[in-house]
Amino acid sequence: MSGVRGVAAMILAAGRGQRMRPLTDTLPKPLLHVRGKPLMQWPMEALAAGGFRDIVVNTDWLGELIPAHFGERFDVGPPGAPSIVSLRYSREGDDFGGALETAGGIVRALPWLGDIFWVAAGDIHAPGFRFAQEAVARFAAGNKLAHLWLVPNPAHNPNGDFGLSPAGLALDTGPETFTFSTIGLYRAALFSPPYCDIATGNPAGHKAPLAPILRAAIADGRVSAERYDGAWTDVGTPERLRQLDAGAPLEHNA
C-alpha cells in the first residue's frame, strides 16, 4: 500500500451497557459524557489527531441517537482549529434486530474498512493513546493479521486475556497475562477462512465474538502485541464513570 493515511477505523458502539443502567436506559453507553464530551468522542479525536478521519460506527441499542448527535461529518477539533471526521454507520439493530457481537460487527463493516484498519471500543477511556501512522506502517510491512495493545490487569479482570512473548507475539496464556485494551490493528484477512467463516459484509447477520478468532490466529503465530502503560479505563460501571468525570486519577484498575 502507498502510505497509510487512507486507513479507516471502527468504533464499537452497539453494546447495551447493562451494568451502566439506569444511565443507559435512555442513552447509549458511548454517548455518556466524561469530562465534558461523549465517551466515544475521545477515540474519535485521537484518531483524527493521527490522521485517521474515516470512521465506521456500529449501532444497536438506542442507536439512532449516535448519528443524530454526530451526523456524517463531525468537527472534533478545538475551537478555531477544525478537524473533520467522516462517519458511516453500520446499523445492526435496524438491519438485524440486535447487535452482532464484535467479530460479527466487524465483518458486517468490512466493505467500508479496507485491508488494514483500526478497531477500538467506544466505552473505554484512554486519553493518552496515540493512533500512530508509524504503528500502521510497521503493521503493514509485516505479515501479522492483528496487532493488539495490552494493559496491566484491572481489578475487574484479574486473570487477564492474553500473554505477551519477549518477541512481541500475543500468547493464549503465559507466566504473566494482560488485559486486551480493545484497541487493535487488523487485516481483513483475519476475518476469512480458516479463522472466520462469515461472508464479507455478514449479509445473514451472524453473531460472532472476536476472542475465538484471535486465539486461533494466535495459535498460528499471526498476532503481535505490545504493552500500553498509559491511563486506561474500561468504563463499565456508573462508579467508574463518576470517578473519571470527577477528575480522579486514571489508573488501569480504576
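The values are calculated or read from the model by the stated rules, or taken from the named source; none is laboratory data. Please read these numbers as outputs of a predicted model, since none were measured by experiment. Ideal geometry is used to build each Cβ from the backbone, glycine not excepted, and the neighbour counts take in all protein chains shown.
Odds and ends about this structure:
- Filter pass, PRO158 being free of Cβ contacts under 8 Å to residues at least 40 places away in the same chain, surrounded by fewer than 15 Cβ atoms within 10 Å (Cβ to Cβ) and within 29 Å of ARG91 (Cα to Cα): no
- When PRO175 is tested against (1) modelled with pLDDT of 95 or more; (2) farther than 29 Å from THR24 by Cβ, only condition (1) is not met.
- Spans of strands (runs of 3 or more DSSP E) in the range 98-201 with at least 2 residues under 30 Å from PRO67 (Cβ atoms) and among the aliphatic types (A, V, I, L, M): 116-121, 146-151, 177-187
- Scanning the range 66-97 for residues that are in a helix (DSSP H, G or I) and surrounded by 12 or more Cβ atoms within 10 Å (Cβ to Cβ) yields ILE66, PRO67, HIS69, PHE70, GLU92, GLY93, ASP94, ASP95, PHE96.
- Among the residues of the range 216-249, those that are farther than 21 Å from GLY128 by Cβ, surrounded by fewer than 18 Cβ atoms within 10 Å (Cβ to Cβ) and at pLDDT 95 or above comprise ALA216, ALA219, ASP220, GLY221.
- Residue count, the range 202-215 (criterion: part of a loop (DSSP other than H, G, I, E, B) and either over 21 Å from ASP123 (Cα atoms) or in contact with an Asp or Glu (Cβ under 6 Å, 6 or more places away or on another chain) (or both)): 8
- Of residues in the range 130-155 being under 19 Å from LEU244 (Cα atoms) and surrounded by fewer than 22 Cβ atoms within 10 Å (Cβ to Cβ), the one modelled with the lowest pLDDT: ALA155
Condition check ((1) among the aromatic types (Phe, Trp, Tyr); (2) in contact with a Phe, Trp or Tyr (Cβ under 8 Å, 6 or more places away or on another chain); (3) more than 22 Å from TYR195 (Cα to Cα)) across all residues:
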residue: GLU134; (1), (2), (3): no, no, yes
residue: ALA140; (1), (2), (3): no, no, no
residue: TRP149; (1), (2), (3): yes, yes, no
residue: ASN157; (1), (2), (3): no, no, yes
residue: PHE162; (1), (2), (3): yes, yes, no
residue: GLU176; (1), (2), (3): no, no, yes
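- Hits in the range 15-42 - residues which are in a loop (DSSP other than H, G, I, E, B) and not hydrophobic (A, V, I, L, M, F, W, C): GLY15, ARG16, GLY17, ARG21, PRO22, THR26, PRO28, ARG35, GLY36
- Residue ID - nearest to the chain's Cα centre (by Cα), chosen from residues in the range 65-109 that are closer than 16 Å to LEU12 by Cβ and hydroxyl-bearing (Ser, Thr, Tyr): THR102
- Checking each residue in the range 46-65 for being surrounded by 19 or more Cβ atoms within 10 Å (Cβ to Cβ), part of a helix (DSSP H, G or I) and of a type outside the set (Gly, Ala, Ser) picks out only LEU47.
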